[in-house]
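Okay, structure first, notes after.
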Amino acid sequence: VVAQEVGVIGQQMFVAIVFASIVSSLLVGPLFVWGLRRSEKADVVPFFSRKGVVPTLRARDRDAAISELVHAALRVEPKLAEDQVLAAVREREATVGTAAGHGIALPHARLDALTSSFVVFGVSHEGIEWDAVDDQPARLIFLILTPTDDAGSQLAILSHISRALASESARQALLESTNARALWTSLQKLLKAVPEAA
């Protein structure tokens, strides 16, 4: 409207821009909603691996916990360069903290070297300060690594974990698992029990 008033564009161009905006909204809106629903329905269980489960994190601070989980990630994907993964996760963490509250932290990064997503999971029984909005220390920590060009997987994984651990009983089931086998069994059960989002 301003451009038309000052004479930068004419009446025909103004009408064309308005028309294009309406058409774009009608086309892009439904596609965006469809994309979100598709990501919510995606099966993220295959992104988890028993090799990527750490039943007892030794770390006492956030940086050490990230290092420990990155080291575990190399068991799942040995071809990754540890220093590059650490740098990417720490850079993301420095930009915006990844504490989700209720004792959950979700550090994550996108990596050029990855062709498929995966998740490493560790439990800190002592708890680690993670600057959560509810001031609870992080005890259930998920390191989510996805390919740079696959934003959908990261969104689907974050959403799925959040829904899987929405209840106190679900979180407690993981904290009470006494060894790697029990933790893996509990984690799989919770992930598979998540209903599709409405």
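The values are calculated or read from the model by the stated rules, or taken from the named source; none is laboratory data. Everything numeric in this text was worked out from a predicted model, so none of it was measured. Neighbour counts are summed over all protein chains in view; Cβ atoms, including those assigned to glycine, are modelled from backbone coordinates with ideal geometry. Just the protein is used for accessible areas: all its heavy atoms, side chains included, with ligands, DNA and RNA removed. Shrake-Rupley method; radii C 1.70, N 1.55, O 1.52, S 1.80 Å.
Could you sort the peptides 47-57, 139-149 by per-residue average Cβ neighbour count (10 Å cutoff), highest mean leading?
139-149, 47-57
Apply the Karplus parameterisation 6.51 cos²θ - 1.76 cosθ + 1.60, with θ equal to phi minus 60°, to every residue of region 138-148 and state each ³J(HN,Hα) to the nearest whole Hz, in sequence, with x for glycine and proline.
So the J values, rounded to whole Hz, are 6, 10, 10, 10, 10, 9, 10, 10, 9, x, 4.
In nanometres, what is the gap between the two model label sites at Ala182 and His125, each 7 Å from Cα along Cα-to-Cβ?
Simple spin-label model gives 0.9 nm for this pair.
Can you tell me the dipole magnitude for region 146-198 around its Cα centre, using point charges on the Cβ only (Lys, Arg +1; Asp, Glu -1), in Debye to the nearest 20?
240
Leaving out ligands, DNA and RNA, and with a 1.4 Å probe, what % of the accessible surface on region 107-167 is carbon or sulfur?
It is 48 percent, rounded to a whole number.
Distance from the Cα centre of region 110-136 to that of region 54-80, in angstrom?
Each part's Cα centre sits 9 Å from the other's.
Mind listing the long-range amide H neighbours of Leu111? Cut-off is under 5 Å, sequence gap 5 or more, other chains count too, H placed in the peptide plane at 1.01 Å from N.
Residues meeting the amide H criterion: Thr146, Thr148.
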